Structures are given as structure tokens and as C-alpha cells.
1. Just grab the label-to-label distance for residue 162 and residue 86, each label 7 Å out from Cα along the Cβ direction, in nm (one decimal).
2. Could you sort 84-90, 102-108 so that the peptide with the highest average Cβ count within 10 Å comes first and the rest follow in order?
3. For the pair residue 66 and residue 208, how long in nm is the line joining their label points, each one 7 Å along Cα→Cβ?
4. Could I have the simple spin-label model distance between residue 216 and residue 56, label points 7 Å from Cα toward Cβ, reported in nm to one decimal?
5. Which whole-number value in Å³ per residue fits the convex hull of the alpha carbons of segment 42-190?
6. What full-extension length gain, to one decimal in nm, is calculated for residue 47 and residue 182 as 0.36 nm per residue of separation minus the Cα-Cα distance?
7. What is the distance in Å between the Cα centroid of segment 111-139 and that of segment 162-237?
8. With a ≥ b ≥ c taken as the square roots of the eigenvalues of the C-alpha gyration tensor of segment 147-235, please select rounded if a/c is under 1.5 and otherwise prolate if a/b is larger than b/c or oblate if it is not?
């Protein structure tokens, strides 16, 4: 009888032990599965790469837009132009121009930077590998001024019609603007009260073509070099 009881006790102990081992195995499997799921759902890494045209003088600073931490600086002596980031990181690109250069635009080659355009400061959340090219172009200055009489001089982008500068300051200082080389410009002499436009004199550089405009109040030319033009006005007879 005692042997039967012992056999029964041993059997129960064996069953309990197997149940414990089964529960332990299930716990391990569940824990391992949870870890795999957590890793699977974690944000995948994404690489941000920036290419700068004329990097000897121009640069782009990439920062974490949420924390303000600089991720890298590309150009102006630095060759660090990429970084692996967690997907979803908020990025800010800031283009800074060197002497005699102007920022043109960002060209999103691939990835998350499709919102970047001709604004030197660009913000986006990186969700995939992203490559951006920052395009810079040589710039020069155009100075306009009012010489004789009263009136204003307007510098306009001839292609868009946008007014870049409105100047009423007298020569020789006048008003200067840094403008991208090869931009087509239109300058207009707008006469003041009881005044009429007389002519562009003097004029230098690309604005020298205005000498052939006679008394026409506007002149168009493609800016190629440092230039200037003075508008003169006279009283209406």
C-alpha cells in the first residue's frame, strides 16, 4: 500500500514538474517573441546625406529640429556630409552662403526632403534614406541711385516681375543688392511729382547697355558683373 502511495506521489510530482517546465518554456517563448516584436516595430535607421555645390565657401548645417543639436556641417572646410538617424527624427537644414555666392535651391534627390525648395531653411521628418543637394550660384551687386531731380529707382526680376529693391537715395551711394549672376533684371526710373524721367547716367558693368535706351524709363539686361546705374529726372516743362 505504501508503495502505491509513493508511486502516486511521484507521479504527481512528475506531472507538476512537467507543468512547471512547460510554463517556463511558454514564458521564455513569449518573452523572446515580445523582444522580436519590439525590435521589429522599432523605428528603422535612415541615412541623411547632403551634397553642397562650391563647398569651399558655402555650407549646410543639419540639426535636430526638436533639440537643436547639430548633426553635421557640410562644406566650408568640413567633409562630414551624412549621418545615420532614427526614422522619424525632425531635421532642419540651414544653407549659409560664402562671399559672392547666393543660395539657389535644394534639389531633393531621394527620400523625405521633397518639401525643400528655394528656401535656405528647410524642415522635414526623415522616414527613409534621404539625399539632398544644396545649389549655390555666384552673385554680384547692382547699385542704383537717384542723381538729378526727384523720383525712385526700382530693381525688378524681369522674369517674375518681383520688385527686389526700391531706392530713392541719392548718388553716389544709392542702394545696392546682391543678386545671382545671370539673372535677367529690369530697372525702372519712376519720376516724382511734377518730374519726368530723363535718362540713365552714369551706368557701369552690365547696366552699360542702358546707355542706348535714351529717355526710356526702364532698361533690361542680364547681370554678369558688378554694375550700377543712376536715374536722372527733370521738371516737366
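FYI, it's all coordinate maths here, none of it is from the lab. Note that this is a predicted model, so its numbers are computed, not measured. Here Cβ is always computed from backbone atoms with ideal geometry, including for glycine, and neighbour counts include all displayed protein chains.
1. If labels sit at residue 162 and residue 86, their model points lie 3.8 nm apart.
2. Working: 84-90: 14.4, 102-108: 18.3.
The most tightly packed comes first, giving 102-108, 84-90.
3. Going from the residue 66 label point to the residue 208 one covers 5.8 nm.
4. So the two model labels end up 3.9 nm from each other.
5. Details: hull volume 18.0 nm³, N = 149.
Normalising the Cα hull of segment 42-190 by residue number yields 121 Å³.
6. 45.1 nm
7. When both Cα centres are located, 35 Å separates them.
8. Cα axes put segment 147-235 in the prolate bin.
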